[in-house]
Amino acid sequence: MIELKSVTKRFGDETAVDAISLTVERGELCALVGTSGCGKSTTLRMINRLIEHDGGEIHIEGRPIREFDGRLLRRRIGYAIQSTGLFPHWTVARNIGLVPGLLKWPAARVAERVEELMVMLGLPVEAFADKYPAQLSGGQAQRVGVARALAADPDILLMDEPFGALDPITRQGLQAELRDLQARLQKTIVFVTHDMDEALALADRLVVMNAGRIVQQGGPLELLRAPADDFVASLLGGDDRGLKAAAITRVGERMLPLATRPVPSARVPREATLHQALAVMFREHVERLAVMDGDERPVGEISLRRIVGAGREGGGEP
Amino acid sequence: MSRREAPLNRVVLALSLAALACWLWLPLGSIAPNRIVLGTAYSLPEALGWPLTVASCLPLLGLAVMAWRPRRPAYYAALALTLLLLMALPLWLALMAQRHLDPALPQARVGIGAAGWLMLFWLSLLLVELRTRLALAGWQLGLGLVPVLGAWWLTAPGLASLALWQELAGRGEAFAEALLQHLLLVGGAVGTSLVLGAAIALAMRQNPGVERLGFALLNFLQTIPSLALFGLLLAPLAWLSARVDWLAALGVSGIGWAPAFLALLGYSLLPMVRNTFVALSEVDPGVLEAARGMGMGRGQVLRRVRLPLALPVVLEGVRITTVQAIGLTAVAALIGAGGLGTFIFQGLGQAAMDLVLLGALPILAMALVADALLGALARRLNRHTGRTTGATP
Ligand SMILES: Nc1ncnc2c1ncn2[C@@H]1O[C@H](COP(=O)(O)OP(=O)(O)O)[C@@H](O)[C@H]1O
Ligand SMILES: [Mg+2]
């Protein structure tokens, strides 16, 4: 668990982070969102003491971070950044093994862990272990960056716009993988991004920042339904907000049991989003869809009224 | 065959024709009855007669023909011809000496003429062009040059009367000593400036005040002409050695190795400090942030990240400094520092061009070798960092 209590950071006269308070629960992925220069990176870097905070307190697992030695603290916290920061003169395997090496793990254990991580991040060991960063594509380099951050199996992971420099397709692929990884590993992650769609797709909780302050925090749907002010609303895409909510809600969460009426012929998987269900309705010119499970068996149905009503808390009428 | 498939190689054509013209019309060499008298120059047909002249031109004509239809096999053939021409180069001089040297004059000597030097020059340019076309590695080219050196070595006995050779024969020990002095001065100055330069660069990075002052001073030093700098050091060093006994015992005085060494050090420091400073400053900030973010300490970041990444650029500084110092040390002979420059200035004084060459040629060779070796080393260190190898998607 990470707690920030009215944490402040000044650079000269400028206050980069202004008395922000924030709690990130164990196993939670918390996204810091906001326009460029609003203090996201500064906040992140105060947590692993790359930058020291001027005021307030930061606690990790209940202990103030000033009690820890900065270097030892950072070895216990994973860190991944947009530019990857891979050492260009080290191979992929050596880059990934950096922190275990600093922690003086025996060589055999480091090698084993590196292989495990490469497999986990979809980097075939044979093909990639001995490559140098200059030989990798942007997406591959970022996978190595994430593997390096996870190498010593830290409980906490700090990620600063890790996918910000990638093309949209690669970015979405890596976002999906991070979601799967997080479902398995349950790390405590603070994820900085200026891309609201990325934050909505990944985060359990969003923290919207503006000019060094927190403007609003809450779950993705909470924010979409009730943005605190015009700034948050515009970050969320203005009138697109409804569609964005539909894009992060699964059909399975909103479907109703199959009625006795004939099963609709148009169908949609249970894992699809309401957004995708709407697309099918448009395409098939229908207002009702059968919801299918993984084995292509109908397990429920969803109607247009139900989807539209789902925008409000409590859902709509069948 | 269409022109698009085999476009004419203008470089090879021009070089081989230029070589042909020089070879036929300029003097191949000269023969003088002794060291002082100006020799008689012989052009190729005069020296060897027409049959041999024509024979010696055939490979050049061959090269010109290859240039017309340059495909890969043709380039290999051209390379073979160029190497053949290089191998044969001293042979023609030896033949000339054999035919025209008067056995009654033991003092007589053979000078290398413009055709000989220029031929060497054109052939070197041809090698460079062919190497690029065939994408040969340095070691492959080096392998090709082995038979050339072998052939030269075999031809050497026939050239005992070569003036250059005779100048060397009379000065065997002095030459070895001058060579050693030259190497010591260069090595000492470059080595010291590397250590000192790295220390200064590190200090400059710590403190912007030191940075401004340091660069101002070094830039100023660089603008003083070398001879003037030697002169400027004369008085203070003479004063010091007159007052400090152990300095005098070390051989420090207003002239000799001490001012030469200090001047060389002064000139070497700027490129060394500049490259080291730039190398240390230009390490990708993202890499440094990641290094610290992973929990590396300051010392670890310096030793394992900053220095290894800076090393190729530092080496570039060592390369520039070394080549520069090899040349500058020649001037140091003027203040009695020794080295190969001694022969150059002696030769100039006595109007003996071959003695000048005895000093100048090894300096040229040293500079070329140092340049090639240090360049290759830097490229090798650079091979992973993406500065030479392009990123593959
Ligand atoms: N090392 C620093 N020195 C001075 N100002 C800084 C430094 N780091 C960040 N800042 C300033 O603090 C503010 C917040 O920066 P940052 O946290 O990097 O923003 P974000 O990551 O949200 O884009 C910016 O105005 C930036 O100029
Ligand atoms: Mg940032």
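Quick notes on this structure:
- Rounded Å value of the spacing that divides the Cα centres of the range B:246-304 and the range B:173-237: 12 Å
- Rounded D (µm²/s) - the range A:118-271, Kirkwood Rh over Cα pairs, Stokes-Einstein at 20 °C, 1.002 mPa s: 118 µm²/s
- Our coupling estimate for the range A:168-179, obtained by passing each phi through the Karplus curve with A = 6.51, B = -1.76, C = 1.60 and θ = phi - 60°, is x, 5, 4, 4, 5, x, 5, 4, 4, 5, 5, 4 Hz, Gly and Pro reported as x.
- Summed residue charge, Cβ within 14 Å of A:I96's Cβ, Lys/Arg positive, Asp/Glu negative: +1
- Mean-position separation - Cα centroids, the range A:1-40 and the range A:70-93, in angstrom: 22 Å
- q = 0.13, 0.14, 0.19 Å⁻¹: log10 I(q)/I(0) that the Debye formula gives for the range A:1-52, counting C-alpha atoms only: -0.31, -0.36, -0.65
- Summed residue charge, Cβ within 13 Å of B:A201's Cβ, Lys/Arg positive, Asp/Glu negative: +1
- Each listed q (0.12, 0.25 Å⁻¹) maps to a log10 I(q)/I(0) for the range B:7-77, found by the Debye formula over equal Cα scatterers with no solvent: -0.44, -1.02.
- For the range A:262-301, GluC sites (Glu not before Pro) are listed when DSSP marks them as loop and at most 10 other Cβ atoms sit within 10 Å of their Cβ; the list is A:E296.
- Simple spin-label estimate for A:M120 and B:L149 gives 5.5 nm between the two label positions (7 Å along the Cα-to-Cβ direction from each Cα).
- Compactness of the range B:133-195 is given as radius of gyration and Dmax, 17.7, 48 Å, from Cα positions.
- Prolate/oblate/rounded label for the range B:162-236 (Cα gyration tensor, a/c 1.5): prolate
- With contacts taken as Cα pairs under 8 Å and at least 6 residues apart, chain A reaches a relative contact order of 18 percent.
- Mean separation of Cα contacts under 8 Å, 6 or more apart, over the residue count of chain B: relative contact order %: 15 percent
- The protein assembly as shown - share of DSSP beta bridges that are antiparallel (%, nearest 5): 60 percent
- Residues whose placed amide H lies under 5 Å from that of A:E301, excluding near-sequence neighbours: A:L256, A:L258, A:V291
- Calculated from the alpha-carbon coordinates, chain B shows an Rg and a Dmax of 26.1, 84 Å respectively.
- Each residue, B:E46 and B:L196, gets one label point 7 Å from its Cα in the Cβ direction; the gap between the two is 5.3 nm.
- Across all Cα atoms of the range B:275-393, the radius of gyration (one decimal) and Dmax (whole number) stand at 21.0, 68 Å.
- Across the range B:50-115, the volume of the C-alpha convex hull divided among the residues equals 89 Å³ per residue.
- Kirkwood radius for the range B:233-331, taken over all pairs of different Cα atoms as the inverse mean of 1/r, rounds to 16.2 Å.
- Longest exposed-site-free window of chain B, the sites being GluC sites (Glu not before Pro) in a DSSP loop that have at most 13 other C-beta atoms within 10 Å: B:6-281
- In this structure, the residue pairs whose Cα-Cα separation is over 30 Å, taken from A:K5/A:K244; A:K5/A:K104; A:K5/A:K187, are A:K5/A:K244; A:K5/A:K104.
- Shielding of A:78-85 by partner chains, average beta-carbon count, 10 Å: 5
- Trypsin sites (Lys or Arg not before Pro), loop per DSSP, at most 12 other Cβ atoms within 10 Å - longest free stretch of chain A: A:105-311
- Annotation: amide H of A:D160 within the under-5 Å range of A:A80, A:I81, A:Q82, A:V192, sequence separation 5 or more or interchain, hydrogens built in the peptide plane.
- FRET efficiency for A:R305 and A:A233, using Cβ-Cβ distance with R0 set to 22 Å, rounded to 0.05: 0.30
- Entry note, the range B:23-65: relative contact order of 31 percent, from Cα contacts under 8 Å with a spacing of 6+ residues.
- Computed from the alpha carbon positions, the gyration tensor of the range B:1-120 leads to an equivalent ellipsoid with semi-axes of 35, 12, 11 Å, biggest first.
- Overall form of chain A per C-alpha gyration tensor (a/c, 1.5; a/b vs b/c): oblate
- Distribution of pairwise C-alpha distances over the range B:329-387, 5 Å bins, in %: 5, 19, 17, 16, 11, 9, 8, 7, 5, 3, 1
- Extension gain, B:L134-B:A104: 0.36 nm per intervening residue step, less the Cα-Cα distance, totals 5.8 nm.
- Counted over the protein assembly as shown with a bin width of 10 Å, the fraction of Cα pairs per bin, in whole percents, is 3, 11, 14, 15, 14, 12, 11, 9, 6, 4, 2, 0, 0.
- Computed over the range A:1-146, the alpha-carbon pair-distance distribution with 5 angstrom bins reads 2, 8, 16, 17, 16, 14, 13, 9, 4, 1, 0, each value a whole percent.
- Spacing of the two label points (7 Å from each Cα toward its C-beta) at B:R205 and A:L185, in nm: 3.1 nm
- Separation of alpha-carbon centers, the range A:189-205 and the range A:106-124, rounded to whole Å: 27 Å
The numbers here are math on the coordinates, done by the rules we state, and not lab data. All of these numbers come straight from a predicted model, not from anything done at the bench. Heads up, the Cβs are rebuilt from the backbone with ideal geometry, glycines too, and the neighbour counts pull from every protein chain shown.
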